[in-house]
Amino acid sequence: MNLNKIIKTINEVLVEEFEIEESTIKGKANFRETLDLDSLDYVDLVVFVEENFNVKLTAEDFQTVITFNDFYNLISNKINE
């Protein structure tokens, strides 16, 4: 799956399921600050990613995620492992 498809799919879910304003989702924006999700929302996001991209995410994976680009690249790397 190419990176553009990953970005499109994730952004659509963030807007629809997590009610994130689409205009705030930018590649270099701070992932945690922009999303402002609680712990249950993060669980929902992880479940969505695991089910839709057939990857497994751990808490350690998120330690390197600072921007949206980091998150997209994390998913892309997991898919291509």
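The values are calculated or read from the model by the stated rules, or taken from the named source; none is laboratory data. Everything numeric here is computed off the predicted structure, so don't read it as measured data. A quick note on method: Cβ atoms are made from the backbone with ideal geometry, for glycine too, and the neighbour counts reach across all protein chains shown. We work out accessible area using only protein heavy atoms, side chains counted, and drop any ligands, DNA or RNA first. Shrake-Rupley method; radii C 1.70, N 1.55, O 1.52, S 1.80 Å.
Checking each residue in the range 1-24 for being open to solvent by less than 90 Å² (accessible area, probe 1.4 Å) and among the basic types (Lys, Arg) picks out no residue at all. Within the range 52-71, residues that are closer than 19 Å to Ile25 by Cβ and in contact (Cβ under 8 Å) with a residue 24 or more places away in the chain reach partners that are among the hydrophobic types (A, V, I, L, M, F, W, C) and open to solvent by 30 Å² or more (accessible area, probe 1.4 Å) with beta carbons closer than 8 Å, at six or more positions or on different chains, in the pairs Phe53/Met1; Phe53/Ile79. When residues in the range 29-81 are screened for being open to solvent by 80 Å² or more (accessible area, probe 1.4 Å), farther than 15 Å from Asn11 by Cβ, assigned to a helix (DSSP H, G or I) and not hydrophobic (A, V, I, L, M, F, W, C), 9 of them pass.
All conditions in (1) at pLDDT 95 or above; (2) under 11 Å from the mean Cα position of the chain (by Cα); (3) not β-branched (Val, Ile, Thr) hold for Phe62, with the sole exception of (1). Taken over the range 35-59, the criterion of being within 12 Å of the chain's Cα centre (by Cα) and either farther than 15 Å from Ser76 by Cα or charged (D, E, K, R) (or both) is satisfied by Leu35, Leu37, Asp41, Tyr42, Val43, Asp44, Leu45, Val47, Glu50. Among the candidates Ile79, Ile25, the residue that is more than 12 Å from the chain's Cα centre (by Cα) and touching a residue at least 40 places away in the same chain (Cβ under 8 Å) is uniquely Ile79.
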